[in-house]
Structure formats: structure tokens, C-alpha cells
Amino acid sequence: MVDKVVEIKNVSMNYHTLSGETQAIRNLSLDINNGETVSIVGPSGCGKSTLLSLISGILKPTSGSILVNGEPVAGPSSNVGYMLQKDHLFGWRTIIKNATLGLEIQKKLTKESQAYVEHLLDEYGLADFKHHYPKQLSGGMRQRAALIRTLATNPDILLLDEPFSALDYQTRLAISEEIWLIIKKERKTAILVTHDISEAVACSERIIVLTNRPAEVKNIHEIFLTCDKRTPISCREAPEFRHYFNKIWKELDVHV
Amino acid sequence: MYKVEASKEHQVYLQKHKIRKTSIAFSQISIFIAFFALWEIAAYFKWIDPFIMSQPSRVIKTVISLTSDGSIFLHTGITVLETIIGFLSGTILGTIIAIILWWSDFVAKVLDPYLVVLNALPKTALGPIILVWIGGTTSSIIVMALLTSIIVTILNVYLAFKSCDEDKVKLLTTLGATKLQILSKVVLPSSIPAIISVLKINVGLSLVGVIVGEFLVSRAGLGYLIIYGGQVFKMDLVMTSVLILAIAAALMYLSVNWLEKKLNKMR
Ligand SMILES: Nc1ncnc2c1ncn2[C@@H]1O[C@H](COP(=O)(O)OP(=O)(O)O)[C@@H](O)[C@H]1O
Ligand SMILES: [Mg+2]
């Protein structure tokens, strides 16, 4: 296993539209290590989603290179799973059919993979809802179902683009804890984009702060929190929590 | 006690609602009866000329005589069948063309002005051309029905395809989906409600096409009965055919409506 699962080298990304050219990312370099959970924070519109799209292979960088597991990214690959802001479960499919969507598309729907998805649903509290339709589930359960859809194709790296921001605060705390536990249990590398600084501090081992657009790396924080059980909710009690929060808050330099 | 009060209040509310519903239904039935009764009386006392205006009792007589020789079933059946074939083929073909437009943005942009013009053109104006090209057959009538519904279908279904949630498409792209998979897994299924509602519009449009077609071809069907009755001055036959047409149209619309409800329940 390579230690660096994602290597971003001098990547720039420009968008072209009729109204002009937008430089979203400028000469950005970054490595992500195997098994870690990294958060990316930055001002809104600075290029965070663009960065995830580049890693997932649905966009090609204007210049620079991106390696996943040592190989250059050539397009969407089953090594990388992408989770969007909303759950985007399809209303016309049952939960199990939603969860196997990726396998269906990648033509990997076999008895074994189906059994694996069923196992994930059982393991993470959706056993009784397999044949329900999404609208019959609560927001938190739907988000879990969306994560299982992402896990179904067994990617090594998960990209999460503000996955909790559509949920209310209480649900958000609970579901981020659950999803964090699932990610750790399944031993995935996770890159989490969030605009919630406390969520970033609570969930990750490293936080990457980006500058205003065009995005460059402004600073990288290694997070060390003293708490008995390192889970997002209990970590919020750690004495260092506020210290990290304030530092990142200052770096983001928010003006209202 | 408060709770008892509230439930009494609710009872009054429910009662009010019920009374309103009954009075609406009562008014609807009254209008129906009053219209036909007035028509009958006016004709009976010769306030209006029953030869020109016909009369409900004459309509009933006509229905009986048309039923006894079975021709009512033949003509109604033909019109209904032509309409069903027309709107199904219009919807299916229109959807296929909408898929082509969705597939190639270039083709969509190129065809856009033509579609706008064709949409604005009253399709019945093409009737005589079709009659000359295809001949005075059932095919002509079905083509008329198809033409009246296809452009609206293309425009509406294409619009539904384009308004499919971009993030859902992005989700499929990240999973490595091909264009065909994006179409079959998300764009088509999410457009089913739009396609059904187009189907509903098309029932009415195809019926216009069929009736105009039957006017021109003049062989069989309710449209033929209407034009024939008008030519030989049998107003009873004309009125009877129009009334049957109204019932047939309503039944077809209601069936599609029922199908829509059924499908929406499944989603
Ligand atoms: N498809 C696109 N075409 C043109 N400009 C885009 C496109 N996607 C994003 N942008 C622009 O690029 C910048 C970064 O966008 P994004 O990566 O979505 O930011 P973030 O996720 O950090 O809020 C924004 O200014 C946005 O307007
Ligand atoms: Mg974003």
C-alpha cells in the first residue's frame, strides 16, 4: 500500500464561459495519506468543490497532475467515492436499489457485491428499510443510505462535499458522528469539505485552509486533541478545541 | 372543557365542508338537468326549431336506432382507436426525438427555430396535404392525430430532460456512468411525470387531429357522422355524435388521469 494515496502536484484549474475566464485553483500542491481524515475549509466559492471534482476525475486540470494510489487520474474510477451535499437518493428506487446504483453502473452487481451491500445496510441500521422508498426515511437515515451507496463499490478514498449541510444542527452532529465511525471502521481515507470550522476540527486529523479564489493552500493544521475516545462529539470537549477553532477562524478572515 | 370544545369546533368545520361539497355536486347536476330540460321544452313548444337545434328526445331516439344496427359502436370504436394510436405514437415518437435532442446539444440548437415555427403552426392546416399524399385512408387520420401531438411532446419532454437535477447527473458521472446510463438511470425516470402529463394533453390534441381527419377522409368515425349529418341536414345525428364524442373524450382523459395517479402512488 502506498503511503500517499492522493498526490496533487502544481494543479491549476480555469473555467471558461462566454462571460469570461475564472481561475478557480492556482498552483496547488497537496498530499493525502492513507487512512487519514482530512478537512478542507476555505471561503465559499474559493474552489473546494472544484478540487474534489479534479480528484474524482470528472474534471481535468488545466495544468499540473493528480495521482491516486500512484496512478495518474484519467477519469472517474471506482477507487474514489464521491458524496454530495444532498443525499440524491432516487425517489423511484428502494433503498437497496439506490445503494446498488454504483455497482449497477460499473456492471459489478454480483451475488457477492449484493451481499456486501446488504451487510452494510444491516450493519448500519437500515436493515428494516431496505425495501422502503427514500421519502419514508428521516434525513439522517437517508444520508447514511447515501454513504452506503458510496461504500458499495468499495472505494479506498471518500470525497465528501459538505455532506451534512442540508441537515438541521442536531441531526448534523449525530450523523457526522455516525458517518465518522463508519469511515474509520471501514478504514477509508476521507477528504471532507466543510464550511463548519468546529465540524472540521472535530472530525479530522488534518485541516487544510485554502485562500480566496483562486485557491492556494494557506495553511495546514495537524489536529491533536486530548480526549479518551477520539470521536467527533467527545472531541468537542477537548481543551485544545477552542484553540484550533480560533486559529482557523482568524485565518479564514471572514468579513460580513 | 377545552378539549370537548375544540372537537365540537372541528365537527362544525367538517360539517361545513360536507355541506359545501354537497351543494357543489347539487349545482353541477342541476345545471345538467336544467340544460337538457330547457332544451327539450323549448323544442317541444317550438320556441326553437327542432330541425335546426335538435332535441334531447330525438337524440335518444337516434341513439336507440344507431345502437340497434350497431353502427354507434363501430363509429365510436373507430374514433377512439384512431385517437389512442395517434396519441400513443405521438408521445412515443416525440419522446424519442426529445432523446435525440437531449443527446446532441448541437442538433437541439439547430432544430430550435424549426420547432418553434412548427409548434405555432395549426397542424390541422396540413390536413389537405396529408390527404393528397397518403390518400383517404385511416393512415391519413392517424398521421393527423400524430402531427397534432408530436411537437408539443418534443418540446415538453425535452424541457423535462433539461431540467433534470444536475447534481443527480453529477452523482452518476462520479460513478463512471456512460451517457446512455445517465439517460436510462436518471434522466428518463425523473421525467416520467412530465411524460404522463404530456400524455394527458395529447389525448385532447389527438382527438382534434382525428376529428379533422375524419371530416376530410369521410369514411367512418364520429367525425364522419358529424360532417355527414351536417351535409344531409340531419341535426339529430350531428348532436348525438357530438354528445357521444364528449363522453368518449372525457372517458379517455379520465383513464390517463387514473394512470397518472396510479403511477404517482408507486413513486
Ligand atoms: N462549471 C463551471 N463553470 C464556470 N465557473 C465555475 C464552474 N464551477 C464553478 N465555477 C466557479 O469556480 C469557482 C469555484 O467554485 P467551487 O469549486 O464550486 O467553490 P466552492 O465549492 O469552494 O464554494 C467559483 O467562482 C465558481 O463560480
Ligand atoms: Mg462547493
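Just so you know, in the stretch A:167-183 the residues that are in contact (Cβ under 8 Å) with a residue 60 or more places away in the chain and not aromatic (Phe, Trp, Tyr) include one that is surrounded by the most Cβ atoms within 10 Å (Cβ to Cβ), and it is A:ILE183. Listed by position, the strands (runs of 3 or more DSSP E) contained in the stretch A:1-118 that have at least 2 residues being within 16 Å of ligand 2 (Cβ to nearest atom), within 14 Å of chain B (Cβ to nearest Cβ) and within 25 Å of B:LYS168 (Cα to Cα) are A:80-83.
B:ALA220 satisfies every condition listed in (1) aliphatic (A, V, I, L, M); (2) away from every other protein chain (no Cβ under 13 Å); (3) in a helix (DSSP H, G or I) except (3). Applying the selection to the stretch B:174-183, what residues are at the interface with another protein chain (Cβ under 10 Å from one of its Cβ atoms) and part of a helix (DSSP H, G or I)? Hits for the stretch B:174-183 are B:THR174, B:GLN181, B:ILE182.
Looking at B:LEU147, B:LEU175, B:LEU115, just one residue is open to solvent by less than 30 Å² (accessible area, probe 1.4 Å) and under 25 Å from the mean Cα position of the chain (by Cα), and that residue is B:LEU115.
I'd like to check something: does the stretch A:120-131 contain any residue that is within 11 Å of chain B (Cβ to nearest Cβ) and farther than 22 Å from B:GLY176 by Cβ?
No: the stretch A:120-131 contains no residue that is within 11 Å of chain B (Cβ to nearest Cβ) and farther than 22 Å from B:GLY176 by Cβ.
Please verify whether B:THR137 is of a type in the set (S, T, N, Q) and open to solvent by 20 Å² or more (accessible area, probe 1.4 Å), treating the condition exactly as stated. For B:THR137, the condition - of a type in the set (S, T, N, Q) and open to solvent by 20 Å² or more (accessible area, probe 1.4 Å) - is met. When the stretch A:202-221 is filtered for residues that are among the charged types (D, E, K, R) and under 20 Å from A:GLU177 (Cα atoms), the ones remaining, listed by number, are A:GLU205, A:ARG206.
Check A:ARG187, A:ARG149, A:ARG230, A:ARG236 and return the single one that is open to solvent by 30 Å² or more (accessible area, probe 1.4 Å) and either at pLDDT 90 or above or within 16 Å of ligand 2 (Cβ to nearest atom) (or both).
Result of the check over A:ARG187, A:ARG149, A:ARG230, A:ARG236: A:ARG187.
So which residues in the stretch A:124-164 are within 16 Å of ligand 1 (Cβ to nearest atom) and either of a type outside the set (D, E, K, R) or more than 14 Å from the chain's Cα centre (by Cα) (or both), if there are any at all? If the condition is that a residue be within 16 Å of ligand 1 (Cβ to nearest atom) and either of a type outside the set (D, E, K, R) or more than 14 Å from the chain's Cα centre (by Cα) (or both), then A:LEU159, A:LEU160, A:PRO163, A:PHE164 are the ones that fit.
B:ILE129 falls short on exactly one of the conditions (1) exposed (fewer than 13 other Cβ atoms within 10 Å of the Cβ); (2) under 19 Å from B:ILE201 (Cβ atoms), and that condition is (2).
A:ASP161 meets all of the listed conditions (1) free of Cβ contacts under 8 Å to residues at least 60 places away in the same chain; (2) within 16 Å of ligand 2 (Cβ to nearest atom) but one, namely (1). Could you tell me whether any residue of the stretch A:165-173 is within 14 Å of chain B (Cβ to nearest Cβ) and within 16 Å of ligand 2 (Cβ to nearest atom)? Checked against the condition, which is being within 14 Å of chain B (Cβ to nearest Cβ) and within 16 Å of ligand 2 (Cβ to nearest atom), the stretch A:165-173 yields at least one hit. When the stretch B:184-193 is filtered for residues that are among the aliphatic types (A, V, I, L, M) and at the interface with another protein chain (Cβ under 10 Å from one of its Cβ atoms), the ones remaining, listed by number, are B:VAL186, B:ILE192.
The values are calculated or read from the model by the stated rules, or taken from the named source; none is laboratory data. Everything numeric here is computed off the predicted structure, so don't read it as measured data. Note that each Cβ is placed from the backbone with ideal geometry, even for glycine, and that neighbours are counted across all protein chains shown. The protein model used for the area step is the full one, side chains on, heavy atoms only, and it has no ligands, DNA or RNA in it. Shrake-Rupley method; radii C 1.70, N 1.55, O 1.52, S 1.80 Å.
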